[in-house]
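**Student:** Sharing a structure below in structure tokens format, with a few things to ask.
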Ligand SMILES: Nc1nc2c(ncn2[C@@H]2O[C@H](COP(=O)(O)OP(=O)(O)O[C@H]3O[C@H](CO)[C@@H](O)[C@H](O)[C@@H]3O)[C@@H](O)[C@H]2O)c(=O)[nH]1
């Protein structure tokens, strides 16, 4: 059975707008809160973190095939990841892989895909979906995105909002208001405010108010509308993206244009460059998503994901893991083959790789990024 057949989604009855729909997968983040499992040469999206037997990138691809077909999925990733990405996605065509010489953040990555696709096919609608998230209830995901495509066709930059369960500070918060009257998008809501990564006090206030949704980092929009919004807040960045797109499809002009323009593009996340200003201008819409969504941002989420939500359990990841546990809980990731024994430790995080060992607790899982920053500063980048 192909993965497509797993979805209860009838392509014959999907709206016409999906004919113009392209999925974009920006696969650029290293996932530094998952160090030392996630590395520069083996980032989070190239790992199987769910026990599905597939990498998160492949799971993402399979999820998007029913929406765009294999021919209309574009992946934007670093040059260094080309071979690994292509091995994961054999149906990815050369024209649908965009290779970056260095990371320039999500506005440049998604904006370049939009500019290339708009040039090839004016009027195209794109949806960008992180390469390293975990989603269950695919039918609900597909129906939310289908609605988002209809809202995008009406001119909105559309995102998918998830009901918050805690005042997480690593997410964007979307304040939704009344319904928008858009055919094909009955659950679309107008957005009055988008706040990227608020401080803890603000996040607590947002969650307590019940008026905010988490941004799931999915942006569905007409490519021309996205470019217009980038141009409003980052005109120089837009000019660079348009110039790159013009040179892209000719191998003789692409290389020189990339060398000249790409390293000078402003590094800014799409949440700041597009979502916040578009919300302030009343051009952002949100579709509430009722599917299970997890960005697996740190080892605490990874532990939860792999222990079925039971805090008392010990989740073990690693093909040849040899773990002895007595009255312990948390997560062990084993890549070294060493025997690991735990006695009476709760909510522990142990990540054992051949050249680096991390020991912390679920409560401190967010602080792993600081270790990565410190390793960079102390010249220990060989283990990153
Ligand atoms: N190709 C490429 N992709 C990139 C780059 N930088 C980021 N990305 C991709 O852009 C997406 C967002 O990554 P981050 O910018 O690291 O996002 P974040 O800190 O996790 O926050 C975003 O996601 C949250 C949900 O997980 C959101 O709540 C938040 O608002 C925001 O959209 C991911 O798919 C990541 O791979 C880059 O330089 N190149």
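Derivation of every value follows stated rules applied to the coordinates shown; laboratory data play no part. As the structure is a computational prediction, the values presented were derived from the model and not from experiment. Don't worry about glycine lacking a Cβ; one is built from the backbone with ideal geometry, like all the others, and counts go over all protein chains shown.
**Student:** What length, rounded to one decimal in nm, is gained on full extension from residue 281 through to residue 139, with 0.36 nm per residue of separation minus their alpha-carbon distance?
**Tutor:** Working: separation 142, 0.36 × 142 = 51.12 nm, distance 3.18 nm.
The residue 281-residue 139 span can extend by a further 47.9 nm.
**Student:** What angle, in degrees between 0 and 90 and rounded to the nearest 10, separates the Cα long axis of helix 56-68 from the longest principal axis of the Cα atoms of the chain?
**Tutor:** Its long axis makes an angle of about 30 degrees.
**Student:** Could you tell me which of rounded, prolate or oblate describes the chain, using a ≥ b ≥ c as the square roots of the eigenvalues of the alpha-carbon gyration tensor, with rounded for a/c under 1.5 and, failing that, prolate when a/b is larger than b/c and oblate otherwise? List each step's numbers first, then the result.
**Tutor:** Working: a/c = 1.60, a/b = 1.36, b/c = 1.18.
It comes out prolate by the Cα gyration axes.
**Student:** How many angstrom lie between the Cα centre of region 94-139 and the Cα centre of region 333-383?
**Tutor:** 32 Å
**Student:** Can you give the Rg/Rh ratio of region 257-314, where Rg is from the C-alpha atoms and Rh is the Kirkwood radius? Show your work: numbers first, answer last.
**Tutor:** On the way: Rg = 18.9 Å, Rh = 15.6 Å.
Expressed as Rg/Rh, it is 1.21.
**Student:** Tell me what the chain gives for mean residue ellipticity at 222 nm when only DSSP H runs of n ≥ 4 count, each as -39,500 (n - 2.57), the sum divided by the residue total, rounded to 500 deg cm²/dmol.
**Tutor:** Numbers: 11 runs with 121 residues, N = 384.
It comes out at -9500 deg cm²/dmol, rounded to the nearest 500.
**Student:** With r defined as the distance between the Cβ atoms of residue 246 and residue 71 and R0 fixed at 22 Å, what FRET efficiency is calculated, to the nearest 0.05? The partial results should precede the final answer.
**Tutor:** Values: r = 23 Å, r/R0 = 1.05.
Step by step, r from the Cβ atoms, then E = 0.45.
**Student:** As a test of understanding, state the convex hull volume per residue of region 130-247 from its alpha carbons, in Å³.
**Tutor:** Expressed per residue, the convex hull around the Cα atoms of region 130-247 is 135 Å³.
**Student:** May I ask for log10 I(q)/I(0) of region 299-383 at q = 0.13, 0.18 Å⁻¹, from a Debye sum over the Cα atoms as equal point scatterers with solvent left out?
**Tutor:** So the normalised log intensities are -0.42, -0.76.
**Student:** Specify the angular offset, from 0 to 90 degrees and rounded to the nearest 10, of the alpha carbon long axis of helix 105-120 from the longest principal axis of the alpha carbons in the chain.
**Tutor:** Value to nearest ten degrees: 40.
**Student:** Let me ask something else. Could you give the length gained on full extension between residue 319 and residue 346, defined as 0.36 nm per residue of separation minus the Cα-Cα distance, in nm?
**Tutor:** On the way: separation 27, 0.36 × 27 = 9.72 nm, distance 2.31 nm.
Length gained between residue 319 and residue 346: 7.4 nm.
**Student:** Right, something else. With axes computed from alpha carbons, what is the tilt in degrees of helix 235-248 against the longest principal axis of the chain, rounded to the nearest 10 within 0 to 90?
**Tutor:** That helix lies at roughly 80 degrees to the long axis.
**Student:** Quick check on region 32-93: take the gyration tensor over C-alpha atoms, sort the square-rooted eigenvalues as a ≥ b ≥ c, and tell me if it's rounded (a/c under 1.5), prolate or oblate.
**Tutor:** Numbers: a/c = 2.35, a/b = 1.48, b/c = 1.59.
Oblate, since a/c reaches 1.5 and b/c is not below a/b.
**Student:** Among 223, 130, 87, determine the one that fluctuates most according to a GNM of the chain built with springs between C-alpha atoms less than 10 Å apart.
**Tutor:** Judging by the Gaussian network model, the answer is 87.
**Student:** Would region 75-137 count as rounded, prolate or oblate if I go by the C-alpha gyration tensor, calling it rounded below 1.5 in a/c and otherwise prolate when a/b exceeds b/c, oblate otherwise?
**Tutor:** Verdict is rounded for region 75-137.
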